[in-house]
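Below is one structure, written out as structure tokens; comments come after it.
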Amino acid sequence: MRTPIIAGNWKMHKTLAESVDFVRELAPRLEPFAGVERIVCPTFIALAATADALRGTPVKVGAQTVSHEEKGAFTSQIAPGMLVGLVEYVIVGHSECRQYLGDSDELVNKKALAALNAGLKPIIAVGESLEKRQAGAALPFVEGQVRAALANISAEQMAQVVVAYEPIWAIGTGLNASVDDAVEVIAHIRATVRELYGEAVADGLRIQYGGSVKPDNMVAYMSAPDIDGALVGGASLKVDDFTKLVELAAQAKGV
Ligand code: PGA
């Protein structure tokens, strides 16, 4: 069985002190749900202190992006090697990075490969715009993103990869995708991975849904066998909500 995975993407929220206070409160609350992989993704400036505060707890840390370069004259960027020892996961290809920071499909692929080569686990985010969905092009568009993001990633490396399906129109808008729509795209992502890597890799790949996930819609998503967890923005910023999401995931998946 695939281990359910819930990651909180804090985006540009919480100062260093707020991040540390938050996880000190969160970690004991999440302790009972050992069957769910639990991750927080703070801002870069809070990563080290948050990772310190979480050492010895079951809550893991992820970064929100990473450079594909190892080092050099890349002002403002953070190399994969700099994250080693601090984080286990790194989100790549979040739609906000694609939209505001120029993360193209090719760059997302380079970042995923760079993360894997450094021993980090990429959470590769994909998802269509409202325009694409309304044009009936969601499935081929997301398939294209998946194929591009996975170029040159080996079948062995795929064991370290997580994919997050996040329709752009559902992020931070309160307009969550229907479970049927999410399941349709996620099944298509898995079918694409099956075609690329075969049955075993496709069956083992964890695919999250993301986009306005909240305690009151969590059970519906997690009850779908093909949805293995959630990438959560807004609702991950409150200890009660995040705890509830993890609790509901554990219940729905029976872990
Ligand atoms: P949201 O964000 O839960 O606030 O919609 C999800 C994300 O961007 O990962």
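Values in this text are rule-based calculations from the coordinates and carry no lab data. Every value quoted in this text rests on a predicted model; they were computed, and no experiment measured them. A quick note on method: Cβ atoms are made from the backbone with ideal geometry, for glycine too, and the neighbour counts reach across all protein chains shown.
The mean of 1/r over all distinct Cα pairs in segment 5-253, once inverted, gives the Kirkwood hydrodynamic radius of 17.9 Å.
Between the residues S19, Q99, L196, the greatest Cα displacement towards the positive end of the dipole of segment 5-253, with unit charges on the Cβ of Lys, Arg, Asp and Glu, is found for S19. If only the Cβ of Lys and Arg carry +1 and only the Cβ of Asp and Glu carry -1, the dipole of the chain around its Cα centre is close to 380 debye. In segment 131-255, the convex hull through the Cα atoms has an average projected area of 7.8 nm², a quarter of its surface area.
How would you rank I168, I45, I39, going from fewest to most other Cβ atoms within 10 Å of each one's own Cβ?
Working: I168 20, I45 12, I39 26.
Neighbour counts put them in this order, fewest first: I45, I168, I39.
Each part gets one Cα centre, and for segment 225-249 versus segment 18-95 those centres are 16 Å apart. With each label modelled as a point 7 angstrom along the Cα→C-beta vector, the N117-S104 pair spans 1.9 nm.
When ranked by the protection proxy of mean other Cβ atoms within 10 Å per residue, highest first, what sequence do the peptides 75-81, 223-229 form? Display every interim value, and only then the final one.
Details: 75-81: 14.1, 223-229: 19.1.
Ranked by mean Cβ neighbours within 10 Å, highest first: 223-229, 75-81.
By the count of other C-beta atoms within 10 Å, a proxy for reagent exposure, R190, R24 are ordered fewest to most as R24, R190. Considering only T43, L120, A164, the residue lying farthest towards the positive end of the dipole of segment 5-253 is T43, judged by Cα position with unit charges set on Cβ. For a straight C-alpha distance cut-off of 15 angstrom, the aspartates and glutamates reachable from K214 (same-chain residues fewer than eight places away being disregarded) are E166, D240, D241, E247.
Suppose every Lys and Arg Cβ carries +1 and every Asp and Glu Cβ carries -1, with no other charges. What dipole size does segment 38-118 come out with about its Cα centre, to the nearest 20 debye?
Numbers: 7 positive and 8 negative charges, 49 e Å.
My answer is approximately 240 debye.
Residues whose amide H lies under 5 Å from that of K60, counting only those 5 or more places away or on a different chain, are R38, I39, V40; hydrogens are built 1.01 Å from N in the peptide plane. The peptide list 208-220, 60-72, put in order of mean Cβ contacts within 10 Å with the highest first, becomes 208-220, 60-72. Projecting the Cα atoms of L130, P140, I227 onto the charge dipole of segment 125-232, computed from C-beta unit charges around the Cα centre, puts L130 farthest toward the positive end.
With each label modelled as a point 7 angstrom along the Cα→C-beta vector, the A148-R29 pair spans 3.8 nm. Share of pairwise Cα-Cα distances greater than 18 Å in segment 25-150 is 57 percent (whole percent). Between A187 and Q134, the C-beta separation translates, for a Förster distance of 25 Å, into a calculated FRET efficiency of about 0.75.
Database remark: amide H of V213 closer than 5 angstrom to the amide H of G233 (H placed geometrically; neighbours at sequence offset of 5 or more, or on other chains; Pro and chain starts carry no H).
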